[in-house]
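These notes are about the structure you will find just below.
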Amino acid sequence: MFEEENAQWGLVHALVLDGKGGARSIARTELNDLQLQPEQSLWLHWDRSHPQTRTWLRHESGLNEFACDLLLEENTRPRLLALPEEQMLLFLRGVNLNPGAEPEDMVSVRIFAQAQRVISLRLRPLRASDELLQQLAEGRGPKTASELLLSMAQLLTEKVQALVSDLSEVVDLEEEKLEADTRYAPEQGSLQQIRRRAAGLRRFLAPQREIYAQLARNKWSWFAEDDADYWNELNNSLIRYLEELELTRERAALVLESEDRRRAERMNRTMYRFGIITCIFLPMSFVTGLLGINVGGIPGAESPYGFLFASLLVLGLALGQWWLFRRLRWV
């Protein structure tokens, strides 16, 4: 209803949670005089790149300069920072599902949270916030500020699960093809890209896992009674995904090593065969070269059967070498 008007101020959406799973949208101009009921919570989602966002954050949000500086930093990593008066700063990362983007180039969402207010900032569109809006529109969304944080984290984690599963399935397919066909050559670039993606995801998911563990241990007074259990479950989920990412990287490396080993074995077999052929033909070439020198006294030079005798000699030499190599188990 107020989306277009709010967008001019850099406000992606402003919602008042009703405490029952629904929410109503409010205009940017209502923020200064807004009075929340005890069961209500306010969620403001801002576009960090908009100049009006910076202006509002520094002059009208009520946040101190330290919190504003952190929220507006150019580059951040997942982190959790406790502030006075039961407030927190929470920086999370989500899979980049925007068109044309690399999923491992994760999208950052920066959050300031207190008992009845959540301020979130994003630079690029985030699928998790869109899904939260859909849930609130259907009346089955988060009811409180703490539940809003938890729902956001759950949706971010679900997107990670899908990407990790996709990477693992690609490696599974390459392994199956490699086992089914000894001549199959896996795509080196594809497997290297999987390893880079896994490494990129681990870079942000490892500290994010620790954040979930901290939220499970350190409980704010405005958190629900069972929130710690859900944060702990998210922590366990990320541990599992990190382990699967590491396993995927190792399996991709093993597929690449297997292909390198097969290539080396094929090269060794080829060189071995060339070596055997050379060993067989070298004495034969020596005999034919010796008989072909243009000097007198060559045996059989005047005989009409000289060529036949020379051919039989070369053939006998080749058969004798073949028998010797077979006896020595070289062939």
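The figures follow:
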quantity: For the stretch 163-207 and the stretch 303-317, distance of Cα centres in Å; calculated: 61 Å
quantity: Estimated FRET transfer efficiency (I239, D166; beta-carbon r; R0 22 Å; 0.05); calculated: 0.70
quantity: Pairs of alpha carbons in the stretch 6-121 whose separation is greater than 25 Å (percent); calculated: 25 percent
quantity: Accessible area (Å², per residue) of the chain, counting only protein heavy atoms and a probe of 1.4 Å; calculated: 56 Å²
quantity: Estimated inter-spin distance, A82 and T55, nm [label 7 Å along Cα→Cβ]; calculated: 3.7 nm
quantity: Exposed-loop-free span, longest in the chain, where trypsin sites (Lys or Arg not before Pro) count as exposed if DSSP calls them loop and at most 12 other C-beta atoms lie within 10 Å; calculated: 184-328
quantity: Extension gain, E176 back to F66 (0.36 nm per residue minus Cα-Cα distance, nm); calculated: 34.2 nm
quantity: Mean separation of Cα contacts under 8 Å (6+ apart) over length of the stretch 150-254, as relative contact order %; calculated: 42 percent
quantity: Estimated 222 nm signal from helices in the chain, with DSSP H stretches of n ≥ 4 weighted -39500 (n - 2.57), rounded to 500; calculated: -19500 deg cm²/dmol
quantity: Accessible-area composition of the chain, carbon plus sulfur, in percent [1.4 Å probe]; calculated: 53 percent
quantity: All lysines inside 30 Å of K219 as judged from Cα atoms, apart from same-chain residues fewer than 8 positions distant; calculated: K20, K143, K159
quantity: Dipole magnitude of the stretch 138-195, debye to nearest 20 (Cβ charges: Lys/Arg +1, Asp/Glu -1, about Cα centre); calculated: 400 debye
quantity: Segment L282-L36, extension gain: residue separation times 0.36 nm, minus the distance between their alpha carbons; calculated: 78.9 nm
quantity: Mean separation of Cα contacts under 8 Å (6+ apart) over length of the chain, as relative contact order %; calculated: 14 percent
quantity: Simple spin-label estimate for D260 and R327 in nanometres, 7 Å along Cα-Cβ; calculated: 4.2 nm
quantity: Angle between the chain longest axis and helix 227-291 axis [Cα atoms, degrees, rounded to 10]; calculated: 10 degrees
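The values are calculated or read from the model by the stated rules, or taken from the named source; none is laboratory data. Everything numeric in this text was worked out from a predicted model, so none of it was measured. Cβ sites come from the backbone with ideal geometry, for glycine too, and all protein chains shown count toward neighbours. Note: areas computed on protein heavy atoms with side chains; ligands, DNA, RNA excluded. Shrake-Rupley method; radii C 1.70, N 1.55, O 1.52, S 1.80 Å.
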